[in-house]
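The values are calculated or read from the model by the stated rules, or taken from the named source; none is laboratory data. Since this is a predicted model, take the numbers as computed values, not measurements. Positions of Cβ are generated from backbone atoms using ideal geometry, with glycine treated the same way; all protein chains shown enter the neighbour counts. Note: areas computed on protein heavy atoms with side chains; ligands, DNA, RNA excluded. Shrake-Rupley method; radii C 1.70, N 1.55, O 1.52, S 1.80 Å.
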Amino acid sequence: MSETSVLLKEPWESFERQKEAGKFGIWLFLSSEVLFFGALLLTYAVYRVGNVHAFAAAGRETNIWYGSLNTAILLTSSLTMAVASQAAAAKSGFRRLIIGCLVATAALGVAFLVVKGFEYREDIEKHLVPGGHFALKQPAAQLFFGLYWLVTGIHAVHLTIGIGMVARLAVLGWRRRRELDENPELEVTGLYWHLVDIVWIFLYPLIYLPGRAG
Amino acid sequence: MSDAPDTPRKTAWQLWRRNLVIWAALMALLILTLVVAYLPLGPANTAIGLAVAAAKAALVLMLFMELATSPGLVRLAAIAGLVFVTILFTLTFADVLSRYIG
(Lines give C-alpha, C1' and ligand atoms only; values in the text may rest on other atoms or scores of the structure.)
Protein backbone atom coordinates (compact mmCIF):
# COMPACT_ATOMS: atom_id res chain seq x y z
CA MET A 1 0.00 0.00 0.00
CA SER A 2 2.71 2.48 -0.96
CA GLU A 3 0.29 4.88 -2.69
CA THR A 4 -1.85 4.95 0.44
CA SER A 5 1.03 6.24 2.53
CA VAL A 6 1.76 8.87 -0.15
CA LEU A 7 -1.82 10.15 0.07
CA LEU A 8 -2.04 10.02 3.88
CA LYS A 9 -1.80 13.50 5.37
CA GLU A 10 -1.55 15.11 8.78
CA PRO A 11 -3.27 14.86 11.24
CA TRP A 12 -4.74 11.47 10.35
CA GLU A 13 -3.17 8.24 11.45
CA SER A 14 -5.11 6.01 9.10
CA PHE A 15 -6.12 6.49 5.47
CA GLU A 16 -9.67 5.24 6.14
CA ARG A 17 -10.14 7.90 8.83
CA GLN A 18 -8.83 10.56 6.44
CA LYS A 19 -11.30 9.51 3.72
CA GLU A 20 -14.25 9.51 6.11
CA ALA A 21 -13.32 12.91 7.53
CA GLY A 22 -13.01 14.40 4.04
CA LYS A 23 -16.37 13.03 3.02
CA PHE A 24 -18.03 14.20 6.24
CA GLY A 25 -16.47 17.65 5.85
CA ILE A 26 -17.63 18.19 2.26
CA TRP A 27 -21.16 17.03 3.16
CA LEU A 28 -21.32 19.58 5.98
CA PHE A 29 -20.30 22.24 3.47
CA LEU A 30 -22.85 20.96 0.93
CA SER A 31 -25.57 21.14 3.58
CA SER A 32 -24.72 24.80 4.14
CA GLU A 33 -24.94 25.25 0.35
CA VAL A 34 -28.40 23.64 0.40
CA LEU A 35 -29.46 26.29 2.93
CA PHE A 36 -27.89 29.06 0.84
CA PHE A 37 -29.69 28.07 -2.36
CA GLY A 38 -32.77 27.11 -0.32
CA ALA A 39 -33.10 30.72 0.86
CA LEU A 40 -32.87 31.98 -2.72
CA LEU A 41 -35.49 29.50 -3.92
CA LEU A 42 -37.72 30.45 -0.98
CA THR A 43 -37.55 34.09 -2.11
CA TYR A 44 -38.56 32.94 -5.59
CA ALA A 45 -41.41 30.80 -4.21
CA VAL A 46 -42.85 33.61 -2.06
CA TYR A 47 -42.82 36.10 -4.95
CA ARG A 48 -44.27 33.53 -7.33
CA VAL A 49 -47.19 32.66 -5.03
CA GLY A 50 -48.14 36.34 -5.00
CA ASN A 51 -47.56 36.93 -8.74
CA VAL A 52 -48.59 33.72 -10.52
CA HIS A 53 -49.45 35.25 -13.91
CA ALA A 54 -46.48 37.60 -14.10
CA PHE A 55 -44.11 34.72 -13.31
CA ALA A 56 -45.76 32.56 -16.01
CA ALA A 57 -45.39 35.39 -18.55
CA ALA A 58 -41.76 35.91 -17.53
CA GLY A 59 -40.97 32.18 -17.65
CA ARG A 60 -42.27 32.06 -21.22
CA GLU A 61 -39.65 34.64 -22.22
CA THR A 62 -36.73 32.40 -21.24
CA ASN A 63 -35.14 30.28 -23.96
CA ILE A 64 -36.33 26.70 -23.40
CA TRP A 65 -33.73 25.25 -25.83
CA TYR A 66 -30.71 26.78 -24.15
CA GLY A 67 -32.12 25.77 -20.75
CA SER A 68 -32.88 22.17 -21.73
CA LEU A 69 -29.57 21.76 -23.57
CA ASN A 70 -27.70 23.01 -20.51
CA THR A 71 -29.62 20.60 -18.26
CA ALA A 72 -28.61 17.71 -20.53
CA ILE A 73 -24.98 18.94 -20.52
CA LEU A 74 -24.84 19.10 -16.72
CA LEU A 75 -26.50 15.69 -16.27
CA THR A 76 -23.92 14.21 -18.65
CA SER A 77 -21.09 15.92 -16.76
CA SER A 78 -22.36 14.24 -13.59
CA LEU A 79 -22.09 10.90 -15.41
CA THR A 80 -18.42 11.45 -16.34
CA MET A 81 -17.68 12.82 -12.85
CA ALA A 82 -19.27 9.75 -11.22
CA VAL A 83 -17.26 7.40 -13.45
CA ALA A 84 -14.03 9.27 -12.61
CA SER A 85 -14.76 9.13 -8.89
CA GLN A 86 -15.77 5.47 -8.91
CA ALA A 87 -12.82 4.50 -11.13
CA ALA A 88 -10.48 6.10 -8.59
CA ALA A 89 -12.20 4.27 -5.72
CA ALA A 90 -11.96 0.94 -7.59
CA LYS A 91 -8.15 0.90 -7.06
CA SER A 92 -7.70 -0.86 -10.41
CA GLY A 93 -5.17 1.43 -12.07
CA PHE A 94 -7.68 3.28 -14.27
CA ARG A 95 -5.35 6.26 -14.65
CA ARG A 96 -6.28 7.09 -18.25
CA LEU A 97 -9.99 6.51 -17.66
CA ILE A 98 -9.94 8.82 -14.63
CA ILE A 99 -8.06 11.59 -16.46
CA GLY A 100 -10.29 11.23 -19.54
CA CYS A 101 -13.45 11.50 -17.45
CA LEU A 102 -12.10 14.50 -15.51
CA VAL A 103 -11.24 16.29 -18.75
CA ALA A 104 -14.70 15.46 -20.16
CA THR A 105 -16.35 16.75 -16.97
CA ALA A 106 -14.45 20.06 -17.07
CA ALA A 107 -15.13 20.40 -20.83
CA LEU A 108 -18.87 19.85 -20.31
CA GLY A 109 -18.78 22.47 -17.55
CA VAL A 110 -17.17 24.94 -19.97
CA ALA A 111 -19.76 24.00 -22.63
CA PHE A 112 -22.51 24.87 -20.12
CA LEU A 113 -20.96 28.31 -19.53
CA VAL A 114 -20.64 28.93 -23.28
CA VAL A 115 -24.34 28.09 -23.84
CA LYS A 116 -25.21 30.29 -20.86
CA GLY A 117 -23.21 33.10 -22.41
CA PHE A 118 -25.22 32.90 -25.65
CA GLU A 119 -28.39 32.82 -23.57
CA TYR A 120 -27.36 35.87 -21.52
CA ARG A 121 -26.61 37.77 -24.76
CA GLU A 122 -30.08 36.95 -26.09
CA ASP A 123 -31.68 37.94 -22.76
CA ILE A 124 -29.92 41.31 -22.87
CA GLU A 125 -30.98 41.87 -26.51
CA LYS A 126 -34.59 41.07 -25.55
CA HIS A 127 -34.41 43.67 -22.72
CA LEU A 128 -34.95 41.08 -20.00
CA VAL A 129 -32.67 42.88 -17.55
CA PRO A 130 -34.78 44.59 -14.83
CA GLY A 131 -34.76 48.36 -15.15
CA GLY A 132 -36.05 51.22 -17.28
CA HIS A 133 -36.24 49.43 -20.63
CA PHE A 134 -37.61 46.11 -19.37
CA ALA A 135 -39.58 44.23 -22.05
CA LEU A 136 -42.62 43.02 -20.06
CA LYS A 137 -45.44 45.20 -18.72
CA GLN A 138 -46.12 43.30 -15.46
CA PRO A 139 -43.97 44.80 -12.69
CA ALA A 140 -43.57 41.40 -11.01
CA ALA A 141 -41.96 39.98 -14.17
CA GLN A 142 -38.97 42.11 -13.16
CA LEU A 143 -38.87 40.22 -9.85
CA PHE A 144 -38.62 36.96 -11.81
CA PHE A 145 -35.76 38.23 -13.94
CA GLY A 146 -34.02 39.85 -10.99
CA LEU A 147 -33.93 36.42 -9.36
CA TYR A 148 -33.06 34.78 -12.71
CA TRP A 149 -29.88 36.84 -13.09
CA LEU A 150 -28.95 36.47 -9.42
CA VAL A 151 -29.47 32.70 -9.11
CA THR A 152 -28.07 31.66 -12.51
CA GLY A 153 -25.11 33.99 -11.90
CA ILE A 154 -24.34 32.46 -8.51
CA HIS A 155 -24.76 29.00 -10.02
CA ALA A 156 -22.28 29.90 -12.79
CA VAL A 157 -19.76 31.04 -10.16
CA HIS A 158 -20.17 27.69 -8.38
CA LEU A 159 -19.72 25.83 -11.66
CA THR A 160 -16.59 27.86 -12.50
CA ILE A 161 -15.06 26.87 -9.16
CA GLY A 162 -15.99 23.25 -9.91
CA ILE A 163 -14.33 23.41 -13.35
CA GLY A 164 -11.19 24.74 -11.69
CA MET A 165 -11.13 21.93 -9.12
CA VAL A 166 -11.77 19.18 -11.69
CA ALA A 167 -9.21 20.60 -14.14
CA ARG A 168 -6.67 20.85 -11.30
CA LEU A 169 -7.01 17.12 -10.58
CA ALA A 170 -6.77 16.27 -14.29
CA VAL A 171 -3.58 18.32 -14.71
CA LEU A 172 -1.96 16.99 -11.50
CA GLY A 173 -2.80 13.44 -12.53
CA TRP A 174 -1.61 13.94 -16.10
CA ARG A 175 1.77 15.37 -14.98
CA ARG A 176 2.03 12.56 -12.39
CA ARG A 177 2.22 15.10 -9.60
CA ARG A 178 -0.63 13.37 -7.81
CA GLU A 179 -1.64 9.72 -7.53
CA LEU A 180 -5.28 9.60 -8.70
CA ASP A 181 -5.95 5.97 -7.83
CA GLU A 182 -7.74 5.79 -4.48
CA ASN A 183 -7.27 9.54 -3.99
CA PRO A 184 -10.10 10.87 -1.76
CA GLU A 185 -9.83 14.30 -3.44
CA LEU A 186 -11.70 12.84 -6.41
CA GLU A 187 -14.71 11.85 -4.34
CA VAL A 188 -14.81 15.18 -2.51
CA THR A 189 -14.53 17.15 -5.77
CA GLY A 190 -17.17 14.90 -7.33
CA LEU A 191 -19.62 15.48 -4.47
CA TYR A 192 -19.29 19.26 -4.93
CA TRP A 193 -19.79 18.86 -8.69
CA HIS A 194 -22.94 16.78 -8.24
CA LEU A 195 -24.44 19.32 -5.84
CA VAL A 196 -23.96 22.11 -8.40
CA ASP A 197 -25.79 19.80 -10.84
CA ILE A 198 -28.64 19.27 -8.33
CA VAL A 199 -29.03 23.03 -7.89
CA TRP A 200 -29.50 23.32 -11.66
CA ILE A 201 -31.95 20.37 -11.65
CA PHE A 202 -34.23 22.48 -9.41
CA LEU A 203 -33.60 25.76 -11.25
CA TYR A 204 -34.64 24.22 -14.58
CA PRO A 205 -38.40 23.74 -13.86
CA LEU A 206 -38.55 27.00 -11.88
CA ILE A 207 -36.93 29.19 -14.56
CA TYR A 208 -37.70 27.58 -17.90
CA LEU A 209 -40.96 25.66 -17.49
CA PRO A 210 -43.46 28.18 -15.99
CA GLY A 211 -46.16 29.35 -18.38
CA ARG A 212 -45.33 26.96 -21.22
CA ALA A 213 -48.81 25.41 -21.38
CA GLY A 214 -50.69 28.72 -21.15
CA MET B 1 -0.48 -10.06 -9.21
CA SER B 2 -2.79 -12.89 -10.10
CA ASP B 3 -5.18 -10.60 -12.01
CA ALA B 4 -5.30 -11.14 -15.74
CA PRO B 5 -4.37 -8.02 -17.77
CA ASP B 6 -7.89 -7.73 -19.13
CA THR B 7 -9.56 -7.69 -15.69
CA PRO B 8 -9.50 -3.87 -15.27
CA ARG B 9 -11.05 -3.37 -18.72
CA LYS B 10 -13.97 -5.57 -17.75
CA THR B 11 -14.49 -3.59 -14.56
CA ALA B 12 -14.31 -0.35 -16.53
CA TRP B 13 -17.19 -1.55 -18.68
CA GLN B 14 -19.15 -2.50 -15.58
CA LEU B 15 -18.49 0.97 -14.20
CA TRP B 16 -19.80 2.60 -17.38
CA ARG B 17 -22.81 0.32 -17.63
CA ARG B 18 -23.99 1.06 -14.07
CA ASN B 19 -23.65 4.80 -14.52
CA LEU B 20 -25.03 4.92 -18.07
CA VAL B 21 -28.28 3.36 -16.81
CA ILE B 22 -28.60 6.15 -14.21
CA TRP B 23 -27.74 8.78 -16.86
CA ALA B 24 -30.40 7.34 -19.23
CA ALA B 25 -33.00 7.56 -16.45
CA LEU B 26 -32.02 11.20 -15.79
CA MET B 27 -32.34 12.04 -19.50
CA ALA B 28 -35.72 10.30 -19.71
CA LEU B 29 -36.93 12.38 -16.74
CA LEU B 30 -35.66 15.55 -18.44
CA ILE B 31 -37.64 14.77 -21.61
CA LEU B 32 -40.70 13.85 -19.50
CA THR B 33 -40.65 17.13 -17.58
CA LEU B 34 -40.14 19.11 -20.80
CA VAL B 35 -43.12 17.45 -22.54
CA VAL B 36 -45.43 17.67 -19.51
CA ALA B 37 -44.68 21.41 -19.16
CA TYR B 38 -46.51 22.01 -22.47
CA LEU B 39 -49.68 20.10 -21.45
CA PRO B 40 -52.41 22.37 -20.04
CA LEU B 41 -52.73 20.88 -16.55
CA GLY B 42 -53.08 24.09 -14.54
CA PRO B 43 -51.28 24.18 -11.18
CA ALA B 44 -50.35 20.51 -11.64
CA ASN B 45 -47.68 21.61 -14.16
CA THR B 46 -45.60 23.17 -11.40
CA ALA B 47 -46.17 20.23 -9.05
CA ILE B 48 -45.08 17.71 -11.71
CA GLY B 49 -42.08 19.85 -12.65
CA LEU B 50 -40.90 19.90 -9.04
CA ALA B 51 -41.68 16.20 -8.51
CA VAL B 52 -39.57 15.26 -11.54
CA ALA B 53 -36.77 17.54 -10.29
CA ALA B 54 -36.96 15.78 -6.90
CA ALA B 55 -36.76 12.38 -8.63
CA LYS B 56 -33.71 13.48 -10.63
CA ALA B 57 -32.07 14.90 -7.49
CA ALA B 58 -32.78 11.65 -5.62
CA LEU B 59 -31.05 9.63 -8.36
CA VAL B 60 -27.99 11.90 -8.23
CA LEU B 61 -27.92 11.95 -4.41
CA MET B 62 -28.42 8.23 -3.87
CA LEU B 63 -26.39 6.77 -6.75
CA PHE B 64 -23.89 9.31 -8.13
CA MET B 65 -23.19 10.77 -4.69
CA GLU B 66 -23.51 7.30 -3.17
CA LEU B 67 -25.63 8.33 -0.19
CA ALA B 68 -27.39 4.95 -0.49
CA THR B 69 -24.18 3.19 0.61
CA SER B 70 -22.66 5.93 2.80
CA PRO B 71 -22.08 5.67 6.56
CA GLY B 72 -24.74 7.04 8.90
CA LEU B 73 -22.69 10.08 9.87
CA VAL B 74 -22.42 11.19 6.24
CA ARG B 75 -26.14 10.68 5.66
CA LEU B 76 -26.90 12.69 8.78
CA ALA B 77 -24.76 15.58 7.49
CA ALA B 78 -26.57 15.40 4.15
CA ILE B 79 -30.04 15.29 5.68
CA ALA B 80 -29.30 18.19 8.07
CA GLY B 81 -29.44 20.70 5.21
CA LEU B 82 -32.75 19.32 3.94
CA VAL B 83 -34.29 19.36 7.43
CA PHE B 84 -33.47 23.03 7.97
CA VAL B 85 -34.62 24.00 4.47
CA THR B 86 -37.92 22.24 5.21
CA ILE B 87 -38.28 24.26 8.43
CA LEU B 88 -37.41 27.44 6.52
CA PHE B 89 -40.09 26.79 3.88
CA THR B 90 -42.73 25.55 6.34
CA LEU B 91 -42.51 28.51 8.71
CA THR B 92 -42.31 31.08 5.90
CA PHE B 93 -45.28 29.64 4.02
CA ALA B 94 -47.28 29.31 7.24
CA ASP B 95 -47.16 33.10 7.18
CA VAL B 96 -47.32 33.80 3.43
CA LEU B 97 -50.16 31.44 2.56
CA SER B 98 -52.33 32.63 5.48
CA ARG B 99 -52.13 36.17 4.01
CA TYR B 100 -53.59 35.10 0.65
CA ILE B 101 -56.55 33.21 2.15
CA GLY B 102 -59.69 35.33 2.17
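Some values worked out for this structure:
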| read-out | value |
| --- | --- |
| Derived scalar couplings ³J(HN,Hα) [the stretch B:69-81; Karplus, 6.51 cos²θ - 1.76 cosθ + 1.60; whole Hz; x for Gly, Pro] | 10, 8, x, x, 4, 5, 5, 4, 4, 5, 6, 3, x |
| Mean ellipticity per residue at 222 nm, deg cm²/dmol - from DSSP H runs of n ≥ 4 across the protein assembly as shown, formula -39500 (n - 2.57) | -27500 deg cm²/dmol |
| When the stretch A:12-144 is reduced to its Cα atoms, the Kirkwood hydrodynamic radius in Å | 18.4 Å |
| Simple spin-label estimate for B:Leu82 and A:Ile161 in nanometres, 7 Å along Cα-Cβ | 2.3 nm |
| Per-residue SASA entry for A:Met165, accessible area with 1.4 Å probe, Å² rounded to 10 | 70 Å² |
| Farthest toward positive dipole pole in chain A [+1 Lys/Arg, -1 Asp/Glu at C-beta], among A:Ile98, A:Gly164, A:Thr62 | A:Thr62 |
| Descending principal axes extents, the stretch A:6-49, alpha-carbon based, whole Å | 54, 13, 11 |
| Virtual paramagnetic centre 7 Å along Cα→Cβ of A:Arg17, amide N under 19 Å, in the stretch A:170-214 | A:184-185 |
| For the stretch A:15-88, the fraction of alpha-carbon pairs in successive 10 Å shells from zero, as % | 15, 23, 35, 18, 8, 1 |
| Cα point-scatterer Debye curve for the stretch A:149-214, base-10 log of I(q)/I(0) at q = 0.14, 0.15, 0.16, 0.24 Å⁻¹ | -0.54, -0.59, -0.63, -1.00 |
| Selection of trypsin sites (Lys or Arg not before Pro), the stretch A:1-80, meeting DSSP coil and at most 15 other Cβ within 10 Å | A:Lys9 |
| Accessible area in the full protein assembly, largest first, 1.4 Å probe, for A:His127, A:His53, A:His158 | A:His53, A:His127, A:His158 |
| Kirkwood Rh in Å, taken over all unlike Cα pairs in the stretch A:81-158 | 15.2 Å |
| Sites A:Leu40 and B:Thr90 - FRET efficiency at Förster radius 25 Å, r taken between beta-carbons, to 0.05 | 0.90 |
| Rel. contact order, % - alpha carbon contacts under 8 angstrom, at least six apart, the stretch A:1-156 | 22 percent |
| Kirkwood-based Rg to Rh ratio, chain B, C-alpha trace | 1.17 |
| Average Cα contact separation per residue, chain B, under 8 Å, 6 or more apart, as relative contact order % | 18 percent |
| Cα pair distances of the stretch A:63-214 binned at 5 Å [whole percent] | 2, 9, 18, 19, 15, 11, 9, 7, 5, 3, 2, 0, 0 |
| HN-Hα J in Hz across the stretch A:198-214 - Karplus 6.51, -1.76, 1.60, θ = phi - 60°, x for Gly and Pro | 5, 4, 5, 4, 7, 5, 3, x, 7, 9, 9, 9, x, x, 6, 7, x |
| Links that overshoot a 25 Å alpha carbon limit, given the list A:Lys126/B:Lys56; A:Lys23/B:Lys56; A:Lys137/B:Lys56; A:Lys23/A:Lys116 | A:Lys126/B:Lys56; A:Lys137/B:Lys56; A:Lys23/A:Lys116 |
| The protein assembly as shown - Debye-derived log10 I(q)/I(0), Cα point model, q = 0.14 Å⁻¹ | -1.10 |
| Helix axis angle, A:15-50 relative to chain A longest principal axis, alpha carbon, degrees | 0 degrees |
| Cross-link partners of A:Lys19 among aspartates and glutamates (Cα-Cα below 19 Å; sequence separation of 8 or more within a chain) | A:Glu3, A:Glu10, A:Glu179, A:Asp181, A:Glu182, A:Glu185, A:Glu187, B:Glu66 |
| The stretch A:174-214: trypsin sites (Lys or Arg not before Pro) in DSSP loop, at most 13 other beta carbons within 10 Å | A:Arg175, A:Arg176, A:Arg177 |
